[in-house]
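These notes concern the structure reproduced below.
The values are calculated or read from the model by the stated rules, or taken from the named source; none is laboratory data. These numbers come from a predicted model, not from an experiment. Here the Cβ positions follow ideal geometry from the backbone for every residue, glycine too, while neighbour counts run over all protein chains shown. Protein only, heavy atoms only, side chains kept; ligands, DNA and RNA dropped before computing areas. Shrake-Rupley method; radii C 1.70, N 1.55, O 1.52, S 1.80 Å.
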Amino acid sequence: MASTAEPEAKTDLDAFREEARAFLAENFPPELRGKGNLLSSVEEASEESPAEKAWRVAMGERGWGTPTWPKEYGGGGLTRQQARALEQEMAKVGAWNPIGGMGVMMLGPTLLEFASEEQKHEHIPPICKGEIRWCQGYSEPNAGSDLANLQTMAEDKGDHYLVNGQKTWTSGGQWADKCFCLVRTSRADKHKGISFLLIDMHAPGVEVKPIKMISGMSPFCETFFTDVAVPKENLVGEEGQGWTIGKRLLQHERTNLSGGGALASLNAQPLHKVAERYIGLGEDGKLADAELRVKIADFEMRWSAFLLTARRAMEESKAQGGVSDISSILKKAGTRLGQERAELMIEIMGYRGLGWEGEGFEEKELSGTRAWLFGKATTIYGGSTEIQNNIIAKRILGMLDHQ
Amino acid sequence: MAVLNEEQEMLRDMAREWTKNEHPVGAWRKVRDAGEPFDADAWGAMAEMGWAGIIIPEAHGGSDFGWLSLGLVVEELGKSLAASPLIASALAASAIALGGSEDQKTEYLPRFASGELIGTLAFDESPRHTGLTASTSVHDGRLTGTKAFVHEASRAGLFVVLAQDGVYLVEKGQGMSLSRRAMVDMRDHAEIDFNGAPAHKLADGGSDLAQKILDRARVLTAAEMLGMCQAVFDTTLDYLKQRVQFNQVLSSFQALQHRMADLYTELEIARSAVEGGLQAIDSGFGVTEAAAVAKATANDALHHISREGVQLHGGIGMTDEYDVGFFLKRARVLEAAWGSSSHLRDAYAEMKAY
């Protein structure tokens with residue numbers, strides 16, 4: 001089924017590949033090879049080395065950290081094929097994308113769809129350059145799964161809103177420059193009273209308190225707004241449109257949460273390799289613990305079917321030009337498997353998989369413990385598994401609520 | 001659903017329309033009640049539409065559309081439990097395409113492509129699939145051994161038989177006797193006693209020919225199971241939307257919504273695994289591993305969905321009048337075929353050397 005246009009398209013793509021290779025040769029510092037992007041929202045911000053900064057700036061200037069976003073807002077303006085080629089060329093030399101975080105994963109795509117021209121020009125370029133860290137102001141103490149119950153008020157004061165209230169589980173709030181926030185502009189209607197507002201985290205009246213988690217880490221914060229003045233031009237969309245915009249952003253979040261989990265584990269060693277080291281093979285060449293061997297095989301096979309599903313969701317979405325139905329199962333299935341993997345790691349490593357700190361443990365073992373504990377959050381945040389089940393039942397399967 | 005080309009979409013739509021209009025589950029019910037292995041007219045129609053030749057090279061009378069294409073048809077047939085020798089015959093044909101001499105290909109493949117000849121694999125010798133081991137032996141071109149639970153056996157004209165030293169073709173005729181094995185799925189199974197049957201080796205397939213055939217058997221069986229998963233899921237969802245208790249349709253109960261969400265997740269992951277297996281055969285890359293994943297995933301999904309299908313239908317799900325029980329019975333037979341999930345997990349670990 002080769003189309004006649006293909007040879008020419010291939011030539012263009014080859015030319016682009018050369019351009020990408022040349023750019024990487026010139027700009028990617030070899031000492032960063034395979035180091036990966038540490039600029040994750042759930043880990044502490046580590047100080048950026050000069051090489052890391054140079055790499056981020058180079059990618060940001062080119063817009064290639066957000067390869068398919070429009071050029072006029074600082075994106076790369078690449079076609080999907082070109083973006084894929086870039087990804088492949090980067091993988092070949094061990095390069096990674098230094099531009100990330102919530103601005104890229106969630107806010108950017110949402111602004112592209114809903115924001116005014118002025119807002120796009122103001123907020124998207126710094127995201128493409130990795131200059132601004134965004135955090136998400138959604139959950140509140142009494143608005144978790146029932147998100148629309150949120151109470152943080154934005155009172156109309158003519159040229160600005162006066163914001164009062166409390167957000168919680170603000171990922172990376174202590175390091176963020178700005179916050180995309182769901183606020184209440186009216187008490188008259190639960191859903192239509194919600195608006196989508198961009199708030200400066202350095203503004204007077206914003207206070208952030210990290211929350212210490214069972215993992216010992218503090219990736220989340222409580223955020224307090226006390227009489228915070230927010231200019232009206234920071235309202236995205238119309239007043240009362242926040243629920244629609246906010247939900248669309250959550251779709252991006254879900255896709256990324258499951259995808260992110262998948263990517264993280266792709267780089268990790270296969271479970272059976274870890275087991276070979278900790279448990280060893282018997283004389284028959286099989287893992288010495290027969291039951292664990294079966295559990296590992298079961299996990300690895302299901303993991304491989306999940307990766308095929310993630311790939312299929314991507315291909316379908318591309319072909320349909322919209323989010324495919326099965327994207328709705330990725331978060332639920334991916335996070336569940338991620339947790340199973342972490343539990344199996346502990347089972348494989350025994351006591352050494354439960355070290356908290358200090359001597360007697362390898363660095364990898366200690367970070368495994370923390371990852372296991374942190375991983376419990378994945379089926380709770382970003383819409384818990386139970387909420388995902390509600391979404392699948394209602395939106396995909398058409399099962400309606402009690403009347 | 002994998003992204004298809006135009007040819008594949010047409011093929012799938014044709015299979016879907018035909019199955020829905022000409023061969024729904026009701027057709028299988030008639031075949032069963034008549035005590036036939038399958039509806040010969042329906043098999044004729046399938047062959048007429050070219051389905052018997054989908055994986056046979058054009059030079060030998062097929063269309064060479066590939067395994068994903070065949071899988072699409074098999075899935076549609078699985079939805080209505082259409083009894084046919086399509087899978088068994090395609091596997092026998094693929095064995096010859098992979099390992100036959102030019103003469104063997106010329107002799108058999110066109111007859112497979114036209115549907116005139118039916119073939120089947122005779123590999124397993126015990127009630128559980130235990131891999132590629134066989135005690136069946138061949139001396140001076142005569143094959144001797146007993147093969148257990150051979151699918152579509154009674155109408156097959158050619159048997160592809162696993163022996164100690166390779167894979168052989170045995171034509172129906174002297175030196176063999178068939179004993180029917182009536183199983184819960186009411187399909188055409190038999191034990192076959194070969195006693196000095198004339199046999200010809202498939203000599204050109206390399207040392208892993210039997211594995212290649214087994215991989216294809218796993219994936220194609222998984223494709224039928226995928227169709228069954230989809231059908232049971234769809235009818236169960238329809239039922240929950242119609243059945244009223246406590247003045248509410250059952251589908252409004254959250255306890256049932258979450259169970260259906262779980263089944264939907266399993267169904268879609270099974271779809272990815274099966275399509276991944278079919279695509280692996282077409283590309284020739286990582287086939288054995290992909291086939292094990294496809295079959296194990298389909299096994300587990302169909303096991304769960306067929307159980308829940310009966311449970312969620314309540315009492316009527318237990319009646320012969322309702323279709324859902326047919327799927328439960330066929331499901332267990334296919335779960336046992338070419339490797340249970342526990343066998344496949346062991347095989348997978350072995351592939352990865354742990």
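A few comments on the model shown:
- Distance histogram in 5 Å bins (all Cα pairs of region A:245-396, percent per bin): 2, 9, 17, 18, 17, 13, 10, 7, 5, 2, 0, 0
- Averaging Cα coordinates gives a centre for region A:272-308 and one for region A:137-174; these two points are 46 Å apart.
- For A:284-296, mean number of other protein chain Cβ atoms within 10 Å: 2
- Volume of the convex hull of chain B (Cα atoms only), normalised per residue: 133 Å³.
- Averaging Cα coordinates gives a centre for region B:120-162 and one for region B:285-354; these two points are 23 Å apart.
- For a straight C-alpha distance cut-off of 21 angstrom, the lysines reachable from A:LYS331 (same-chain residues fewer than eight places away being disregarded) are A:LYS247, A:LYS318, A:LYS376, A:LYS394.
- Under the span-like rule (Cα at least 24 Å along the axis, Kyte-Doolittle mean at least -0.5), DSSP H helices of chain B: B:209-242, B:254-283, B:287-313
- Distance cut-off 17 Å, percentage of C-alpha pairs in region A:15-159 lying past it: 66
- Legend: mean number of C-beta atoms from other chains within 10 angstrom of residue C-beta atoms, peptide A:309-320, equals 3.
- Using the Cβ-Cβ distance between A:SER116 and B:ARG243 with R0 = 60 Å, the FRET efficiency computed as 1/(1 + (r/R0)^6) comes to roughly 0.75.
- Highest mobility in the GNM of chain B, judged by mean-square fluctuation with C-alpha springs under 10 Å and restricted to B:ALA92, B:ALA336, B:ALA190, is found for B:ALA336.
- Buried accessible area, chains A and B (both chains, 1.4 Å probe, Å² to nearest 100): 3400
- Surface share of carbon and sulfur [accessible, 1.4 angstrom probe, percent] for the protein assembly as shown: 51
- Region B:209-351: relative contact order as a whole-number percent, Cα under 8 Å and 6+ apart: 32
- Residues considered: A:ALA58, A:ALA288, A:ALA275. Largest GNM mean-square fluctuation over chain A, using C-alpha springs under 10 Å, is found at A:ALA288.
- Solvent-accessible area lost in complex, 50 Å² minimum, residues of region B:330-354 relative to chain alone, 1.4 Å: B:ARG345, B:TYR348, B:TYR354
- Packing-based ranking, highest mean first, of B:156-163, A:60-67 given that Cβ atoms within 10 Å are counted: B:156-163, A:60-67
- For chain B: relative contact order, % (alpha-carbon pairs under 8 angstrom, 6 or more apart): 16
- In terms of the mean number of neighbouring beta-carbon atoms within 10 Å, the peptides B:165-175, A:235-245 order highest first as A:235-245, B:165-175.
- Working note: Cα gyration tensor of region B:209-351, eigenvalues times five, square-rooted, sorted largest first, giving semi-axes of 32, 14, 11 Å.
- Cα-based Rg / Dmax (Å) for chain A: 22.8, 79
- In the context of the full set of protein chains, region B:6-113 has a per residue accessible area of 39 Å² (1.4 Å probe).
- When the other protein chains are added to the chain by itself, burial of at least 40 square angstrom of heavy-atom accessible area (probe 1.4 Å, ligands and nucleic acids ignored) affects these residues of region B:1-43: B:MET1, B:VAL3.
- Take chain A with all the other protein chains still there, run a 1.4 Å probe, and you get 50 Å² of accessible area per residue.
- Probing with 1.4 Å while keeping every protein chain in the model, the per residue accessible area of region B:209-351 equals 34 Å².
- Cβ-based charge dipole, region A:178-219, positive-most Cα from A:MET201, A:LEU182, A:MET217: A:LEU182
- Only Cα pairs under 8 Å and 6+ residues apart enter the sum, and on that basis the relative contact order of region B:119-201 stands at 34 percent.
- Helical runs assigned H by DSSP (4 residues or longer) give chain B a calculated mean residue ellipticity at 222 nm of -18000 deg cm²/dmol, each run adding -39500 (n - 2.57) before division by the residue total.
- Average beta-carbon neighbours from other chains, 10 Å sphere, peptide B:266-278: 5
- As computed over the protein assembly as shown, the Cα convex hull volume per residue (Å³): 185
- Kirkwood hydrodynamic radius of region B:6-113, from inverse mean 1/r over distinct Cα pairs, in Å: 14.2
- Stokes-Einstein D for region B:113-233, Kirkwood Rh over Cα pairs, 37 °C, 0.692 mPa s (µm²/s): 217
- Listed pairs A:LYS120/A:LYS190; A:LYS286/B:LYS295; A:LYS286/B:LYS352 exceeding 19 Å between Cα atoms: A:LYS120/A:LYS190; A:LYS286/B:LYS295
- Highest-MSF residue in chain A out of A:LYS92, A:LYS192, A:LYS167 [GNM, Cα springs under 10 Å]: A:LYS92
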